[in-house]
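Here, each number is a calculation from the coordinates, and none is a lab measurement. Remember, predicted model here, so these are calculated numbers, not experimental data. Virtual Cβ from ideal backbone geometry, glycine too; neighbours counted across all protein chains shown.
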Ligand code: HEC
């Protein structure tokens, strides 16, 4: 009887972790509408503190390479290739911010040099190791979007 219980518990745990993964929107299934991406990519609220870390990490978002952001004035080297992100949440709402971060080409033009962070369309100039992968995970996108939502003037 004890043995039986153990087996059931293991099966339940497996089913739960599969379900959590299945609720994540795959990179090629993101629904871009005129209003942006209205649904969370994970169903888990973004964490702005984790998002700030992803934003400034040179290995993850590396957003500062192209964008100045006064909120991170303590960080070195703010690029000026893209617009300053001060007050960006006053210019774009959450669904549009999610769309811009997930795949900026859907919002701007195909020519934008901003990478699609949750897209499989990896530009030819990007590292081949990224083929078939996304730069950020779905949850990292949600976290960055939550952080951008704090940038109000
Ligand atoms: C290689 C340069 C580059 C990187 C890296 C980059 N961006 Fe951008 N981004 C741009 C450019 C350029 C634009 C302006 C749109 C255009 O002209 O293509 C832009 C536009 C934006 C906008 C709209 C800003 C506005 O005021 O209209 C947001 C939001 C944004 N980027 C967020 C991010 C975030 C968050 C990251 C990191 C996860 C990031 N970007 C990384 C180049 C970049």
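Okay, here's what the table says:
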quantity	calculated
Percentage relative contact order, region 19-108, counting C-alpha pairs under 8 Å, at least six apart	27
Where labels lie 7 Å past Cα in the beta-carbon direction, separation of residue 150 and residue 86 in nm	1.8
Relative exposure of 58, 98, judged by other C-beta atoms within 10 Å (fewest first)	58, 98
Pairwise centroid distance, computed over Cα atoms, of region 131-147 with region 43-120, Å	10
Most to least packed among 134-142, 70-78, 30-38 [average Cβ atoms within 10 Å]	134-142, 30-38, 70-78
Computed over region 20-72: relative contact order in percent, which uses C-alpha pairs under 8 Å that are six or more apart	21
Residue order, fewest to most beta carbons within 10 Å, for 129, 47	129, 47
Estimated FRET transfer efficiency (residue 35, residue 57; beta-carbon r; R0 41 Å; 0.05)	0.90
